[in-house]
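Below is one structure, written out as structure tokens, with a few remarks after it.
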Amino acid sequence: MTESNGSDAPNRADQTERVQQGEDMPAWEKRFRAPRVSLPDWAEDAPDRSLFVSNATGTYELYAWDRATGEQRQVTHRPNGTTDGVLSPDGEWIWWFDDKDGDEFGVWRRQRFEGGEDELATPGLDPSYPAGLALGRDGRTAVVGRSTDEDGTTIHLVRTGEQPVEIYRHRESAGVGDLSHDGSLIAVEHTEHGDAMHSALRVVRPDGSTVAELDDTEGGTRELGLDVLGFAPVAGDTRLLIGHQRRGRWEPLVWDVATGEESDLALDLPGDVSAEWYPDGSGLLIAHGFEARGELFRYDLAARRLEKIPTPRGGISGATVRPDGSVEYLWSSAAEPPAVRSTTGGVVLDPPGMKSPGSVPVEDVWVEGPGGRIHALVQRPAGATGPLPTVFDIHGGPTWHDSDSFAAGPAAWIDHGYAVVRVNYRGSTGYGRAWTDALKHRVGLIELEDIAAVREWAITSGLADPARLILTGGSWGGYLTLLGLGTQPDAWALGIAAVPVADYVTAYHDEMEALKAMDRTLFGGTPEEVPDRFEVSSPITYVDEVKAPVYISAGVNDPRCPIRQIENYVKRLEARGAVHEVYRYDAGHGSLVVDERIKQVRLELDFAERHIGR
């Protein structure tokens, strides 16, 4: 066994020079190092002021951007990076969440847009896990959601110079949805019915009294959820845009919380649909995700007309409407790196420095599985013919999906001669509510049935070499990797699990409360109430059956897949003398430091080459 840690810090000056020059650097490393940016958020009442995330310094941090002058300024400077930030509607303040080395437990701080010292944004509130934040346009009001194991979820109204006032508390998970334009209404998503996968909605006044309720779960007896998308951006407007699942997929509707009137858009679009308001409240920007691609539309509320917005084929990670009606969106494809584009033409925000190399296009594959057709995305080295060593790169979530979007990790495998297969197993989003909700109770096992069906296709089609199949993934994908190595021991030649669940019972007791609530929903109870379900779905149950070499990486501060349960699994591997390596690093659920991420990928590639070759 080999164990290592992430204590060897890089020389930041040398790194910066290498990034600028791109010298002596393989293409796979350039994809990680090339500066990139998120979709900029902008202040509703000061639209020239924007906030975005970038890795330009080698660590993902928040940046302020004054569009009028073109000036960009790094806001946060932390060793392990920062990505959680919100710009106030007046553009005066940047709020950011300050945790300890990625443990997600901390406090909100704020800084002037022009710069200056950080200050505690919520004096009087103890550190907690975040459960949503909404900022008022008066510049002094915030609605702050907090989650702890002791108190469940609390929501406070915070005003500058005053003590926080608690307006909501419940043992089950909840979160801040939005604050209305005039600050008189607060939307709360909650799971008081006990189903953490499907939220109900409550709108309250600043004193916590209820204005309106909407619950499609019927007290938790139906698996239908609601999602807050935002209040209308118009003074005195009581319309709330929400997402619903009444027809078996996510769709938007407009709910007037004052009158109770619901305006169902009933859009004729397959797949999941989300939306946000146009700045004048007259229309909606529709984001449509279907079969791993994204597209945009404008919906005119008065005419009830849908008009497509031209975008290239690929994935759209986010979109927003500017005051002039133009749309900015973050686009990429499996072959082309991400860029923030605008419907006015061109790239909106182009980071300086080295540009990322592209990769190969993705191929869509549909495979018949035990629960219906499974969508898989396949990439192979240009000009390569099978059978190839093949990596099954399994996404996390589980309520997430792989798409035709740029990903440096899979591209690194392809550069080294591997084919890559990504599976949108049952539990994934984008294929309807029934597909997403299918994994309850037989957690993990259902996903692995779908992965096994695609594995069989990969072999029989001639793509994959059955003797050189790698199962890998991060978070839920890491969990499925360890579970798959134990329940399908003859199917895989190698396993690489990043930040995984390895011992589900211990993980449950150590994880943050919001994830405990999710696990209770998935399994139908706690480990004490349904021990058989946890046992059959826990990788440690099958650790003695594992035959393939195993590589595990873990953040020692991870609140989602905590380190103790991983150590339990590793000790069992050690006791058997199983071939395995463990890499521990000083961060939480993954790292925001580019050098650290590159180191992890290099270790994974090396482990694979040593054990199965190329």
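The values are calculated or read from the model by the stated rules, or taken from the named source; none is laboratory data. Here the structure is a predicted model, which means the values were calculated and not measured. Methodologically, a virtual Cβ is constructed for each residue, glycine included, from the backbone with ideal geometry; neighbour enumeration extends over all protein chains shown. Protein only, heavy atoms only, side chains kept; ligands, DNA and RNA dropped before computing areas. Shrake-Rupley method; radii C 1.70, N 1.55, O 1.52, S 1.80 Å.
Evaluated with a Cβ-only charge set (Lys, Arg +1; Asp, Glu -1), the stretch 22-67 carries a dipole of roughly 220 debye about its Cα centre, given to the nearest 20. Which percent of the accessible area of the chain is formed by carbon and sulfur heavy atoms (probe 1.4 angstrom)? Ligands and nucleic acids excluded, carbon and sulfur reach 47 percent. Its Cα gyration tensor gives the stretch 94-175 an equivalent ellipsoid; the semi-axes, largest first and in whole Å, are 21, 16, 10.
Could you point to the residue in S209, I451, V165 farthest towards the positive end of the chain's charge dipole, with +1 and -1 charges on the Cβ of Lys/Arg and Asp/Glu respectively? Most positive-ward Cα: I451.
Using a Förster distance of 56 angstrom, determine the FRET efficiency expected from the C-beta separation of E528 and E71, and round it to 0.05.
Details: r = 56 Å, r/R0 = 1.01.
Step by step, r from the Cβ atoms, then E = 0.50.
Spin-label model, V234 to K440: label points 7 Å out along the Cα-to-beta-carbon direction sit 3.9 nm apart. At q = 0.11 Å⁻¹, work out log10 I(q)/I(0) for the chain with the Debye formula, treating every Cα as an identical point scatterer and leaving solvent out; two decimals please. Debye output, listed in q order: -1.16. Please give me the summed charge of the neighbours of L135: other residues whose Cβ is under 12 Å from its Cβ, Lys and Arg +1, Asp and Glu -1. Net charge around L135: -3. The charge dipole of the chain, taken about the Cα centre with unit charges on the Cβ atoms of Lys, Arg (+1) and Asp, Glu (-1), comes to about 1420 debye, rounded to the nearest 20. In the stretch 464-614, if the dipole is taken from +1 on Lys/Arg beta carbons and -1 on Asp/Glu beta carbons about the Cα centre, which of F523, V543, A507 is farthest to the positive end? The one lying farthest along the dipole's positive direction is V543. Residues whose amide H comes within less than 5 Å of that of T429, counting only those at least five positions distant or on another chain, are W400, H401 (H built at 1.01 Å from N in the peptide plane).
In debye, nearest 20, what is the charge dipole magnitude of the stretch 335-479 about its Cα centre with +1 on Lys and Arg Cβ and -1 on Asp and Glu Cβ, if you could check?
Charge dipole, the stretch 335-479, about its Cα centre: 200 debye, nearest 20.
Structural size metrics of the stretch 363-612, computed from C-alpha coordinates, are Rg and Dmax of 16.9, 54 Å. Segment R610..R576, full-extension length gain: 10.1 nm, with 0.36 nm per residue of separation and the alpha-carbon distance subtracted. Candidates G91, V365, L603 compared by Cα position along the dipole of the chain: farthest toward the positive end lies V365, with charges placed on Cβ. Modelled spin-label separation between S326 and R305, with each label point placed 7 Å from Cα along the Cα-to-Cβ direction: 2.4 nm. A simple rule links phi to the HN-Hα coupling: the Karplus curve 6.51 cos²θ - 1.76 cosθ + 1.60 with θ = phi - 60°, which for the stretch 396-404 gives x, x, x, 7, 7, 7, 7, 9, 6 Hz, with x for Gly and Pro. Grab the chain and count how many Lys pairs have their alpha-carbon atoms under 21 Å apart, sequence gap of 8 or more, or different chains. Taking the Cα cut-off of 21 Å, the pair count is 5. What does the charge count near E218 come to, summing +1 for each Lys or Arg and -1 for each Asp or Glu among other residues with Cβ under 14 Å from its Cβ? Charge balance in the 14 Å sphere: -4.
Ordered from largest to smallest accessible area (heavy atoms of protein chains, 1.4 Å probe), the residues E223, E104 come out as E223, E104. Taking 0.36 nm per residue of separation and subtracting the current Cα-Cα distance, fully stretching the chain between D544 and T460 would add 27.3 nm. Note on surface exposure: E291, E117 rank E117, E291 by accessible area, highest first, 1.4 Å probe. Modelled this way, with points 7 Å down the Cα-to-C-beta line, the labels at R602 and M197 are 4.1 nm from one another.
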